[in-house]
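Data first, discussion second: the structure below is written as structure tokens.
Taken together, the values in this text are just the output of simple stated rules run on the coordinates, not laboratory data. Predicted model only: the values in this text are computed from it and were never measured. Methodologically, a virtual Cβ is constructed for each residue, glycine included, from the backbone with ideal geometry; neighbour enumeration extends over all protein chains shown.
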Amino acid sequence: RFPKDKDVRKKWEVALRREGFTASDYSVVCSQHFKQAEFDRTGQIVRLRDGVIPSLFNFPVHLQKLVKGRATSTSKRAEESLSVASKDSPEMTSSHPQPQPNDDHGYALPATPSAVKAKVNEHLARVESLEREKKNAMSREKRAKTTVKGLLEDLREKNLINEELSEKLASYSSKTKLAF
């Protein structure tokens with residue numbers, strides 16, 4: 001939740017860079033927008049440390065803060081040569097990917113319809129896989145229960161277990177009491 005202290009609350013609102021946004025008493029910021037070191041994990045409840053401001057964002061390009069360029073002519077030439085090298089070499093561009101809108105959270109929708117469709121298809125395939133796994137697990141459970149029930153019946157027929165033990169073992173299998 002947003003802090004109650006007005007000064008800190010204002011700093012949080014500014015950090016979010018949402019035009020015209022004013023936090024209410026019920027406004028919240030996701031924990032992914034804070035560095036791990038900013039959490040106090042010493043007690044049973046995890047809390048933010050005092051005075052912490054959210055700082056981890058992937059803002060769209062138009063909301064990113066401008067970084068001041070170099071001042072001397074030598075450093076400007078060095079900066080230009082770095083930017084030319086990064087355009088030419090794929091290693092440089094892949095090590096510093098441009099932030100994309102909606103990349104802040106795993107639950108955010110991608111920016112393009114084709115990316116949304118790909119994400120939906122990916123999740124549908126995952127659902128189908130989980131349904132198959134569930135069906136297989138239920139089949140294994142059914143086979144195991146049948147096996148246990150058969151073993152209990154064999155033990156009962158051979159008079160190797162008494163009624164009390166039969167009841168206890170039956171409670172672990174199919175919850176049915178075996179008759180003597």
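Is there a pair in 6/35; 135/158; 117/142; 10/119 whose C-alpha atoms are over 26 Å apart, and which pairs would that be?
In this structure, 135/158; 117/142; 10/119 lie more than 26 Å apart at Cα.
Taking the Cβ of each residue in 165, 124 as the centre, tally the other Cβ atoms inside 10 Å and list the residues starting with the fewest.
124, 165
Projected area of region 113-172, taken from the Cα convex hull and averaged over every viewing direction, in nm²?
4.7
First select every other residue whose beta carbon is under 12 angstrom from the beta carbon of residue 53; then total the charges, Lys and Arg +1, Asp and Glu -1.
Net charge around residue 53: 0.
Would you mind counting up the charge near residue 27? Only other residues with Cβ under 10 Å from its Cβ, with Lys and Arg at +1 and Asp and Glu at -1.
0
Note down the relative contact order for region 1-64 as a percent, whole number, built from C-alpha pairs under 8 angstrom at least six residues apart.
34
From the backbone phi of region 29-46, what are the Karplus-calculated ³J(HN,Hα) couplings (6.51 cos²θ - 1.76 cosθ + 1.60, θ = phi - 60°) in whole Hz, Gly and Pro given as x?
After applying 6.51 cos²θ - 1.76 cosθ + 1.60, I find 10, 4, 5, 5, 8, 10, 6, 4, 5, 7, 9, 9, 10, 6, x, 6, 9, 7 Hz.
Going by C-beta contacts inside 10 Å, put 53, 45 in order with the fewest on the left.
Arranged by neighbour count, lowest to highest, 53, 45 become 45, 53.
Whose amide H sits under 5 Å from the amide H of residue 48, counting only residues 5 or more places off or on another chain, with H placed in the peptide plane?
Amide H neighbours of residue 48: 40.
Which order do peptides 2-14, 110-122 fall in by mean Cβ count within 10 Å, highest first?
Most protected by this proxy first, the peptides run 2-14, 110-122.
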